[in-house]
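The values are calculated or read from the model by the stated rules, or taken from the named source; none is laboratory data. All values derive from a computational prediction rather than experimental measurement. In this analysis, Cβ positions are derived from the backbone assuming ideal geometry, glycine residues included, and neighbour counts consider all displayed protein chains. Accessible surface is based on the protein model in full, side chains and every heavy atom, while ligands, DNA and RNA are left aside. Shrake-Rupley method; radii C 1.70, N 1.55, O 1.52, S 1.80 Å.
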4 protein chains.
Amino acid sequence: MSFNSFGRLFRITTFGESHGPAMGVVIDGVPPRLELDVEAIQGQLDRRRPGQSELVTPRKEDDRVQILAGLLEGRTTGAPLCLVIRNRDARPGAYDHLKEVYRPGHGDLTWEKKYGLRDHRGSGRASGRETSARVAAAAVARQILANQGVRIIGHVIEVAGIRAQQFDAQEIERNPVRCADVAAAPQMAEAILAAKADGDSVGGLVEVRAEGVPLGWGDPVFGKLDGLIAGALMGIGAVKGVEIGDGFALARQRGSDANDELTPNGFASNHAGGILGGISNGDVIVVRAAVKPTSSINKVQQTVNRQGQPVTLQVEGRHDPCIAPRLVPVAEAMVALVLVDTYLAQLSLAAAADIPK
Amino acid sequence: MSFNSFGRLFRITTFGESHGPAMGVVIDGVPPRLELDVEAIQGQLDRRRPGQSELVTPRKEDDRVQILAGLLEGRTTGAPLCLVIRNRDARPGAYDHLKEVYRPGHGDLTWEKKYGLRDHRGSGRASGRETSARVAAAAVARQILANQGVRIIGHVIEVAGIRAQQFDAQEIERNPVRCADVAAAPQMAEAILAAKADGDSVGGLVEVRAEGVPLGWGDPVFGKLDGLIAGALMGIGAVKGVEIGDGFALARQRGSDANDELTPNGFASNHAGGILGGISNGDVIVVRAAVKPTSSINKVQQTVNRQGQPVTLQVEGRHDPCIAPRLVPVAEAMVALVLVDTYLAQLSLAAAADIPK
Amino acid sequence: MSFNSFGRLFRITTFGESHGPAMGVVIDGVPPRLELDVEAIQGQLDRRRPGQSELVTPRKEDDRVQILAGLLEGRTTGAPLCLVIRNRDARPGAYDHLKEVYRPGHGDLTWEKKYGLRDHRGSGRASGRETSARVAAAAVARQILANQGVRIIGHVIEVAGIRAQQFDAQEIERNPVRCADVAAAPQMAEAILAAKADGDSVGGLVEVRAEGVPLGWGDPVFGKLDGLIAGALMGIGAVKGVEIGDGFALARQRGSDANDELTPNGFASNHAGGILGGISNGDVIVVRAAVKPTSSINKVQQTVNRQGQPVTLQVEGRHDPCIAPRLVPVAEAMVALVLVDTYLAQLSLAAAADIPK
Amino acid sequence: MSFNSFGRLFRITTFGESHGPAMGVVIDGVPPRLELDVEAIQGQLDRRRPGQSELVTPRKEDDRVQILAGLLEGRTTGAPLCLVIRNRDARPGAYDHLKEVYRPGHGDLTWEKKYGLRDHRGSGRASGRETSARVAAAAVARQILANQGVRIIGHVIEVAGIRAQQFDAQEIERNPVRCADVAAAPQMAEAILAAKADGDSVGGLVEVRAEGVPLGWGDPVFGKLDGLIAGALMGIGAVKGVEIGDGFALARQRGSDANDELTPNGFASNHAGGILGGISNGDVIVVRAAVKPTSSINKVQQTVNRQGQPVTLQVEGRHDPCIAPRLVPVAEAMVALVLVDTYLAQLSLAAAADIPK
């Protein structure tokens, strides 16, 4: 079935295992005649790749993107694009000690029982490395969206209970936490390093803002923009919660506070996070994802082996003490993939109904 | 496009407007030879229908289900089922005063601009009444799931900041709030009535628990069980946040606390909410949806009319001061629809790979 | 699964059994703001319905279409349309003698073994009556196509080996055979009545021409216009062959004869039948379907019963001695459904790529 | 959109251009735990690749398959397979003279107008070389089918009006025409070489037989086995007609001749070609595709250039004087892809309904 495909009009199909030959993606539905900026794709991959700071895993991957299909003289043709990222620092042997045991917090047990076998080499396709293909595909989506004036900005808004108090988009890529608050960033970094020193990990919140989305994207009743975004974000490993606009806080408000009143100049507030009735309302789209602490920790844990016997486990290997910073480009990617898809759907609807887009 | 369809193997397509002739659903992919309990479908519709207490809208609808297709002598045949619910208490004229104005918190503006016209009659297809078709379809799904030992229980866990402290499944349908805590239920009811008296509304949290789901449901990487559930719940009107297991609280924990250790007798805890790596792990699945306060309130609000001029609006008509109690069967329905779909997918995979299901 | 759905952007889902309560269809993807001509839908149903002449089955059905959803003041809204046709002359009891036996040439055996049960009442969903829902849906498609200048004309080009020598579109609906050749029509009728008198049946060829289709419809490599049309036509019961343009005759030609040369005024010939490389080329689209003789005959045949024992069978009941005339609107419908879908796809592509449509 | 994907449960997505870096395919839905025979994939590619005899194009491609994803120790894992075939003998410059002109019989004009640009390098993705990816994917499908006892045999049954009179499966791969009649094969070869000597081309008929398909594959009403096969075959470039069983000949028969009577030992005849009511009936499936003469010929033809001016054209370059022999493995591939998909669907249905498969 098409469980490795995402999107309807801009449809991606990803493939590849963490310690196999390559990661990759086929994108079907890219409009023809787009001048593709390959360096911009590489730029997004560079944001996601490992080894960028002491806050993240030291695995060394240059994550160079190759284009196998779909381009003619730098432009898309309407044919599918195929983007491939070779795995360079694969060390399948390094995971032999995990072959017989299920790591707590991981999908080891569930994947093995479901499929009747398991790729233990760095989690195979269950690895976070799988998201590189999503980021590559989304980098194409972002070019289409940018041409429509849409800009997607992700940042870490909370780590280990430390909340950012400011939002300065310029700061985000200046610190390894990807925090938009220059004061909170070092505190967050410190909390991550403290957890790392303990052989432990911490969680956080990632916020994604989409600016410039015009009114009209999203397709009720089962293609609502909020539903699609929530599904897309919750489908990232480590994400355990999603909220839009004021989200969970709205559950404690009254309607008279929660409603965004309308004025001739637009909405007076944005509690709704830019989406009304499942359709973008022209305001900034604001969503947040709750990121659990990385499951791989160096502490001793109780678990069972394939025979069901109790064993203790201390996970060795390379991992991120807090995955939130590297999850930022991935969360942005999923929002971009949803947005480009709803954009194309709305373009189609407007063309067919003769409505100005 | 198929924006009114949901699911892959158990695929529903809903239709109908709040004040049109009928609501309905076609279900494709129902396994043949199922003895269909039509009264059980009616029972679920009865739980969702309006007019059940003073906490909800007084619209009078008996919501009787009719079966137009797919049954032979009480059994399914492999052909699509078509379930139809006639609208009895439609009052399209009652909404004429809303024709020229956009209600805050509603999709009035976005639907009208998107589609180039808007069904103002009780929101047309944007009405919560649209969910009756989902509930009817899910009632079929629930029969299939029940045959597999799966039971889905929803309840209101919080209203207006009042949190249930106990979970007694027996209590849920005994009080109009659908709260599983006998002590908290009357407090919640009081808060709802207080808001109603003010012409206002309140929000809350709905929790859904799925018991008896075996290990193996959910299909990485884009058919993960958590991603599908999140998308399904966020696609219900009024839901603004979704979390699974400990959800947002996990963002503030350390990995050593958040991981569920394994023992020969199963997991030692269930912070993950029954899903690991996007696949059910055999534990209880626990999800929560944040429900915003009903947008329709009787207070005076600022808004604009179709000409973009500022107007004040006081919404008349029949609505729920808190939609959480009636959202319980809808949230259950969406979880059931996702589960039956992942069940059929896993059945298919296991059959093809010769894995015991 | 969605085996009862057809199309991608204009997506129909049909339901209903021949002797159940109703036939129907949900259409998702109808552009909003279309002024729907309901009488035109009825007109197409009237062309397909039984009882029109002595050449066809005498079952009496008025096939009145009802619209359950999707219309507001005569216009589409972007919500799904639901069209329902009640079965009036259902006689489920009339088929009891077929409950235990498999008719030759029918799907009785295959449906029963596949689904583990069989709706023996006039073949249930395997009945040709199922196509009424397709015709209703296609009548909506035809209105969209007509607005683009596309006209779809079907006719019976051959019956029992008698081939039409002329094409006069005016003649088609003037004779019960739906033959465009005023001279051949009565010969064909005679051949049909002769077979009927023998308790036998005859086959024929149906041709469909689509005029006014602009260059650009169809989407390589798996959404080619010819592939879609062939699949659509072969999916009609009784159709056993499909050809496009010169079709099978091309297999015996040389390239220098078969190629359609281009001139400044268009193609010099149309051997290709209006499709090149899977995309419409602006010329008339011409396709033909081979229709087998009706399987239900009054002659004694050898078959087996459900116990696998040999029995002789003489099928009683109402059926068409030649189904080709009533298949004309069905074949047109399938071509229309494919065309509207490729039209919407091309509209979408052109809008996204900024190509004049 | 997913126009480069085919299948539902066994879903392939192809990519690549004739003179780009590579051809390839991602296969989603391969059951896990399959021992994959990579050499068997190569064997099928070898049958399709160019340069095998003087009857076909002399382009030199070794068509070596590489597996980028989806295998663990020789077995499938449930993750998508990615198969890639590098283009070795790409000569994009050799097509510069075709940049400004539209070849008769080709999709040059339609692709350029549709997409707003055209890959003139050996037709880009419109090249027959695109089918290599289908053949590779189908080679995986064939292994799954072979495990179920299904064998797919294609052969050239007619070339230039010369019809095979015998069917000896052993002969097929022994002669370059892939004809199952040892006497007709050299006559066909002679006809092809005669056309080649004239700078011309000839067409033919390809027949595919699928033996061992059990009763029950195919899913009415829009997933009928015959509809799927017809769509799949007509979606191969150069195919202009498809028939099943006796096909067009049935249009001239009477029902009493055309019906296949049933006996306790199975069907007494197989006019239906192994499919009844859209479902396989356990008999051999027999389909035929009409293949037009290759459009690329060395004769002078009239056409127009991009400015719409008349020009004469004599196509240089490497092409097949008759494509039927090389189309055999492609037609087999499309049948295999359809069959494996309907097999998985039936497996799923049977598992869900507790029907013995």
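With its label point put 7 Å out from Cα toward Cβ, C:Q309 sits 6.2, 8.3, 8.5 nm from the same residue's point in the other copies, in order from shortest. When only the Cβ of Lys, Arg, Asp and Glu is charged (+1, +1, -1, -1), the dipole of region B:5-352 relative to its Cα centre reaches about 1040 debye.
Estimated from helices alone, the mean residue ellipticity of chain D at 222 nm is -8500 deg cm²/dmol (sum of -39500 (n - 2.57) over DSSP H runs with n ≥ 4, per residue). Mean partner shielding of peptide B:195-203, defined as the number of other chain Cβ atoms within 10 Å of each residue Cβ, is 4. The Cβ shell under 12 Å around A:A94 holds other residues with a net charge of +2, Lys and Arg each +1, Asp and Glu each -1.
Spatial offset of region C:58-134 relative to region B:117-192 amounts to 36 Å, using the alpha carbon center of each. Simple rule: put +1 on each Lys or Arg Cβ and -1 on each Asp or Glu Cβ in chain D, find the dipole, and look at D:L71, D:P356, D:V328; the Cα lying farthest toward the positive end is D:L71.
With a ≥ b ≥ c taken as the square roots of the eigenvalues of the C-alpha gyration tensor of region D:5-352, please select rounded if a/c is under 1.5 and otherwise prolate if a/b is larger than b/c or oblate if it is not? The shape class here is oblate.
For B:A40, inter-copy separations between label points set 7 Å beyond Cα along the Cβ vector come to 4.2, 4.5, 5.3 nm, shortest first.
In this simple spin-label model, placing a label point 7 Å from the Cα along the Cα-to-Cβ direction at both B:D62 and A:D257 gives a separation of 4.3 nm.
Which value, in debye to the nearest 20, gives the size of the charge dipole of region A:145-293 about its Cα centre, when Lys and Arg are +1 and Asp and Glu are -1 at the Cβ?
Here the size comes out at about 280 debye.
Oblate is the label for region C:54-165. Its Cα gyration tensor axes, ordered a ≥ b ≥ c, give a/c of at least 1.5 and b/c at or above a/b. Using alpha carbons only, how many angstrom separate the centre of region D:34-57 from the centre of region B:262-301? Using only Cα atoms to place each centre, the spacing works out to 51 Å.
So, with +1 on the Cβ of K and R and -1 on the Cβ of D and E, and no other charges, what is the size of the charge dipole of the protein assembly as shown about its Cα centre, to the nearest 20 debye?
Here the size comes out at about 0 debye.
Inter-copy label distances for B:Q66: 0.4, 6.2, 6.2 nm (label point placed 7 Å from Cα along Cα→Cβ; shortest first).
Take each peptide in B:298-305, D:307-314, count the other Cβ atoms within 10 Å of every residue, and average; sorted highest first, the result is B:298-305, D:307-314.
Computed over protein heavy atoms with a 1.4 angstrom probe, the accessible surface ordering of A:F267, D:F167, largest first, is D:F167, A:F267. Each part reduced to its alpha carbon centroid, region C:230-255 and region B:302-338 end up 53 Å apart. I'd like the FRET efficiency for A:N265 and B:D96, computed as 1/(1 + (r/R0)^6) with the beta carbon distance as r and R0 of 22 Å, rounded to 0.05. Here the calculated transfer efficiency is 0.20. Could you compute Rg(Cα) / (2.2 N^0.38 Å) for region A:140-197, with N its residue count? That ratio works out to 1.35. Nearest-to-axis residue in chain A, judged by Cβ distance to the rotation axis that brings A onto B and given in whole Å, is A:G231, 1.
Note on region C:5-352: lysine pairs with Cα distance below 25 Å, sequence gap of 8 or more or different chains, count 19.
Only helices at least 15 Å long along their own axis, judged from Cα atoms, and with Kyte-Doolittle mean hydropathy of 0.0 or greater: name those in chain B from DSSP H.
Working: long enough: B:38-48 (16 Å, -0.83); B:131-147 (24 Å, 0.69); B:184-197 (20 Å, 0.74); B:324-353 (43 Å, 1.36).
TM-like helix candidates: B:131-147, B:184-197, B:324-353.
Residue by residue along D:97-107, Cβ atoms of other protein chains within 10 Å of the local Cβ number 4 on average.
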